[in-house]
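To start, the structure under review is shown below, and the notes come after it.
Every number here is computed from the coordinates shown, using simple stated rules; none is lab data. This one's a predicted model, so the numbers in the text were calculated from it and none came from an experiment. Note that each Cβ is placed from the backbone with ideal geometry, even for glycine, and that neighbours are counted across all protein chains shown.
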Amino acid sequence: MTIIGAIDSVITRLADAADNVLIPYKSIAVGLLVAQTAFELYIIRRQLPCYSRPLPPPELKNHMTAEKYKKAQAYSRDKTYYSIAQHIFSFFQSLIFIKGGYLWTWNFAGKIMDAFGISRNHMITYTLIWTVVTTLISGALSLPWSYYYTFVLEEKHGFNKQTPKLFFMDTLKTYSLIAVLGLPVLAGFLKIFDWAGKAFIPWLMLFVIAVQLVLQIIFPLWIQPLFNKFTPLPEGEVRSRVEALATRLHFPLKHLFMIDGSKRSSHSNAYFYGLPWSKQIVIYDTLMDKSSPAEVEAVLAHELGHWYYSHPMRLMLIAQAHLLFTLAVFSVFIGNKALFASFGFDPALAVGPPRAVCIGFTLYQLLFGPIDTFVQFAMNSRTRKYEYQADAFAVQLGTKADLKTALIKLHVENLSSPHSDKLYSMYHHSHPTLPERLRAMDEYTGGNWLEPKAAHPARLATTEQKKEEEREREIEEKKEL
Ligand SMILES: [Zn+2]
């Protein structure tokens, strides 16, 4: 028996065992939802005492006035209460969907099909209509929340710069984009399931990778300009510093943009994107306003550390592996009649034709989605490691003092929470806390994080020496001519 044959027979055996009407799938889904919500509320609850601490952590005490500290505590406390309320709301929303909401929306989509005289056997059309119906319902339910967050919470603490008009235009644009890009991709997915049958995993993975590559290209070109204005960073000290940094590191910088982040919020940032041979750096106007040129350079030295160590690529590979795992387990549940029946669906939809793959996947996610709670801890621990690496990279480039003041300024200006509960931080933060980062920068004594490439700071000296020699040789040659 070949390996594929062996895997196939294991999957078939597992699938048979799982397709059992005695397994109470719906009750399991409710139980998992309760457990997950309780766990998340417990974690949030642990963070609350941090807001009653009278003093900032020692690393920050010289950089925060008493007034700033009070403001940061009040902002973080408000955000935490908001998050508790939202968790409770979304618990009931999910419960209603599990208890019959999914079935109701499915039947409702069927009635729309009937009204247009389309046979319910056109499963791709049926699924697309169902997706639109559920997206609109959950969108309508989440809209008041995001409105409150922007216009009450952020407004109260002085961060909101949006007008209601801009807010609704953004919402409209987002949903139009989901329709224009998301629905054809979903149709593609369903087509692959139909066409590839049991061997859907490799084809689906290839399709996902292709879609991601296309998105990488069109996102900065067409999508982001719908929301923000990009202007070339004006000539000046920041521009020349960043360009010099890029040249020094052999970073393939094609464009250097400033983005009007201040249109929506006064939170600030900087990032890079693009293909391996042609990159763009984007700096928020808010970062430019609040930091000195040397600090902007230090922030970008950190960002280029992410590039140097291929962090975005590594994260993408991890996401790919996660998707592969999700699909592999799904292949056990894809034709599970008991699962469909447990949620009130016609079991024939599990096997088809026509097969309601999207419903199958949604129900499967109710059972296996909660596993992602643990994946989140692992992902955060990984991204934290990357943050330390990028900080160390910036330190090796000699920007330590400026990076420290830049991060402290950002932290203070953004009113980030001065204290964090350990478990809360492990679950919610992709970055180490500021005191942790400052400490790590001070403790960092050099040494190689990974094998140095040509552009590694440790090797720059020799590269620059070589360049100098080359230049001298050129001059010599010219003299000879
Ligand atoms: Zn970073």
Original post:
For the range 204-252, what is the largest minus smallest coordinate of the Cα atoms on each principal axis, given in angstrom and ordered from greatest to least?
Top reply: 47, 28, 8
**OP:** Principal axes first, then extents: for the Cα atoms of the chain, list largest minus smallest coordinate on each axis, whole Å, largest first.
**Re:** 82, 65, 43
**OP:** Starting from the range 26-101, pick out the trypsin sites (Lys or Arg not before Pro) whose DSSP state is loop and whose Cβ has at most 14 other Cβ atoms within 10 Å.
**Re:** K61
**OP:** Any chance you could give the angle, 0 to 90 degrees and rounded to 10, that helix 164-177 forms with the longest Cα principal axis of the chain?
**Re:** 60 degrees
Original post:
Per the Cauchy relation, a quarter of the hull surface: what is the mean projected area of the convex hull of the alpha carbons in the range 133-239, in nm²?
Top reply: 10.5 nm²
Subject >> Within the chain, longest stretch free of exposed chymotrypsin sites (Phe, Trp or Tyr not before Pro) [DSSP loop, at most 16 other beta carbons within 10 Å] >> reply: 278-443
Original post:
Can you give the angle from 0 to 90° between the axis of helix 400-413 and the longest principal axis of the chain, with both taken from C-alpha atoms, to the nearest 10?
Top reply: 50 degrees
Original post:
Rounded to the nearest 5, what is the percent of antiparallel bridges among the DSSP beta bridges in the range 191-306?
Top reply: 60 percent
**OP:** Give the span of the range 315-362's Cα atoms along each principal axis, as three whole-Å numbers ordered largest to smallest.
**Re:** 39, 20, 14
Subject >> 31 Å Cα-Cα threshold exceeded, pairs from K79/K279; K61/K422; K26/K173 >> reply: K79/K279; K26/K173
Original post:
Which pairs, out of K70/K409; K254/K404; K229/K254; K198/K337; K71/K156, put more than 20 Å between their alpha-carbon atoms?
Top reply: K254/K404
**OP:** Would you kindly give the portion of the calculated P(r) for the range 1-135 that falls above 23 Å, as a percent of all Cα pairs?
**Re:** 66 percent
**OP:** Give the distance, in whole Å, between the Cα centre of the range 17-43 and the Cα centre of the range 48-121.
**Re:** 20 Å
Original post:
How large is the helix-only mean residue ellipticity at 222 nm for the chain, computed as the sum of -39500 (n - 2.57) over DSSP H runs with n ≥ 4, divided by its residue count, in deg cm²/dmol to the nearest 500?
Top reply: -22000 deg cm²/dmol
Subject >> D (Stokes-Einstein, µm²/s), Kirkwood Cα radius, the range 353-408, 0.890 mPa s at 25 °C >> reply: 166 µm²/s
Subject >> 3J(HN,Hα) from dihedral phi, the range 28-35, Karplus parametrisation 6.51/-1.76/1.60, rounded to Hz, x for glycine, proline >> reply: 4, 4, 5, x, 5, 4, 4, 4
**OP:** Please work out how much length the chain gains when fully extended from I217 to L315, using 0.36 nm per residue of separation minus the C-alpha to C-alpha distance, in nm with one decimal.
**Re:** 33.5 nm
Original post:
Restricting attention to the range 110-163, which trypsin sites (Lys or Arg not before Pro) occupy a DSSP loop and are surrounded by at most 16 other Cβ atoms within 10 Å?
Top reply: R120
